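A.B. asks: Structure in structure tokens, see below.
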Amino acid sequence: MLRALLVTHGDLGASLLATACGIVGPAPGVEAISNRDQSREGLSRIVESKLAAWNGEEGVVLTDIHGGSCAQAALAGVLAGRGAPVITGVNLPMLVDFLVNRGTYSAAEMAARLIDKGRAGVRLLESPGAARGGA
């Protein structure tokens with residue numbers, strides 16, 4: 001079963017994880033860490049340490065903002081330790097899908113799947129009349 005590490009700004013990762021667990025149940029092997037009170041280098045060391053604790057198990061790293069300090073720290077931590085896909089733009093549909101399907105896919109397959117699920121979860125909702133030009 002795949003593991004996951006959420007690396008996000010503030011309480012975002014912990015809140016996403018708590019919400020996803022409320023939908024699908026407990027998530028052993030999934031952890032959230034925050035950049036709060038951490039330098040990029042310090043956060044990178046934490047990521048490296050968390051990945052080392054996976055003891056060879058496969059997993060993915062999920063971050064919030066592409067190019068942000070959390071994504072940079074996650075990538076640096078992955079490169080310094082053992083490889084794991086780093087996926088940016090984490091959202092609730094991605095995390096729920098991960099939790100439901102993490103026993104089915106490899107880390108690389110899951111990374112591709114989560115990118116698709118994340119994109120599919122972003123939609124413009126319109127009222128039925130808007131599609132016909134009405135209000």
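The values are calculated or read from the model by the stated rules, or taken from the named source; none is laboratory data. Bear in mind that the values here come from a model prediction, so they are computed numbers and not experimental data. Ideal geometry is used to build each Cβ from the backbone, glycine not excepted, and the neighbour counts take in all protein chains shown.
A.B. asks: Being in contact with a strand residue (DSSP E or B) (Cβ under 7 Å, 6 or more places away or on another chain) and in a loop (DSSP other than H, G, I, E, B) is the filter; apply it to region 59-84 and report the residue that is farthest from L5 (Cα to Cα).
C.D. replies: Applying the filter and picking the extreme gives D64.
A.B. asks: Please tell me if G83 is modelled with pLDDT under 95, of a type in the set (G, A, S) and touching an Asp or Glu at 6+ places or on another chain (Cβ under 9 Å).
C.D. replies: So G83 fails the test.
A.B. asks: Considering only region 85-104, state which residues are touching a helix residue (DSSP H, G or I) at 6+ places or on another chain (Cβ under 6 Å), outside any helix (DSSP H, G or I), touching a residue at least 40 places away in the same chain (Cβ under 8 Å) and farther than 21 Å from G10 by Cβ.
C.D. replies: Within region 85-104, none qualify.
A.B. asks: How many residues does region 48-78 contain that are surrounded by fewer than 16 Cβ atoms within 10 Å (Cβ to Cβ) and out of contact with any helix residue (DSSP H, G or I) (no Cβ under 9 Å at 6 or more places or on another chain)?
C.D. replies: Qualifying residue count, region 48-78: 7.
A.B. asks: Same structure, new question: Filter region 33-47 down to the residues that are surrounded by 19 or more Cβ atoms within 10 Å (Cβ to Cβ) and not aliphatic (A, V, I, L, M), then identify the one that is modelled with the lowest pLDDT.
C.D. replies: Going through the qualifying residues, I end up with S44.
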